[in-house]
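Inspection log for the structure reproduced underneath, given as structure tokens.
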Ligand code: A4P
Ligand code: MG
């Protein structure tokens, strides 16, 4: 069976919602990737200590062909970030960006390289990731739903902006 991958998308510059939804359309067109579920869009307070505008964030569940590696998927995600105007050379860590695509989980794969760490090392600390992720967790990934249920279902820093 094809593995599920989970991603988080964020934007705090420009047409934030248009960017997030546009990025998902492009991702769905990547061979071997099917966007199966998309969460509501949330407006979220910036995390990371850099003063900047509020983000819009969402989470999505992808079904990924077994021929596509986690590294290949992240490479496609970074290509999409660039296509939506992301310029890593001129930005600060945790600072504002048109589009950030983070790979949270890829089946049961684990990685610990600079290019790719799986599961995403900061996901369990971030309400802006966990609250949308609850909406798209597959019953097939029972461990995930169980783990997410241990976190608060709401947080004042994560506000519903557009229901799915
Ligand atoms: N990388 C390693 N593992 C992964 C992974 N699982 N998913 C590498 C994505 N990338 C991964 O990422 C830096 C490097 O991480 C890349 O070279 C990639 O190969 P980046 O996207 O270039 O830089 P970044 O996003 O500024 O850094 P970082 O550390 O990934 O930050 P985060 O954790 O993505 O946080 N506040 C709100 N409310 N909403 C947000 O969406 N996002 C951030 C960025 C900060 N504050 C936020 C939000
Ligand atoms: Mg990132």
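For this structure, a couple of remarks:
- Only one entry in 101, 118 is farther than 20 Å from residue 36 by Cα, buried (at least 19 other Cβ atoms within 10 Å of the Cβ), within 15 Å of the chain's Cα centre (by Cα) and near ligand 1 (Cβ under 10 Å from one of its atoms), namely 118.
- For residue 150, the conditions (1) free of Cβ contacts under 8 Å to residues at least 24 places away in the same chain; (2) more than 13 Å from ligand 1 (Cβ to nearest atom); (3) within 16 Å of residue 8 (Cβ to Cβ) all hold with the exception of (3).
- Given (1) closer than 19 Å to residue 16 by Cα; (2) modelled with pLDDT under 95, number of the condition residue 140 does not satisfy: (1)
- Options 76, 108; residue that is within 15 Å of residue 27 (Cβ to Cβ) and away from ligand 1 (no atom under 11 Å from the Cβ): 76
- Looking across region 123-142, the residues that are within 15 Å of ligand 2 (Cβ to nearest atom) and within 12 Å of the chain's Cα centre (by Cα) come down to 123, 126, 128, 129.
- Residue, surrounded by the most Cβ atoms within 10 Å (Cβ to Cβ), within region 122-153, restricted to residues that are in a loop (DSSP other than H, G, I, E, B) and out of contact with any strand residue (DSSP E or B) (no Cβ under 9 Å at 6 or more places or on another chain): 151
- Residue list for region 39-55, filter: in contact (Cβ under 8 Å) with a residue 24 or more places away in the chain and surrounded by fewer than 21 Cβ atoms within 10 Å (Cβ to Cβ): 40, 43, 45, 46, 47, 48, 49, 50, 52, 53, 54
The values are calculated or read from the model by the stated rules, or taken from the named source; none is laboratory data. In this text the structure is predicted, and so the values were computed from the model without any measurement. Positions of Cβ are generated from backbone atoms using ideal geometry, with glycine treated the same way; all protein chains shown enter the neighbour counts.
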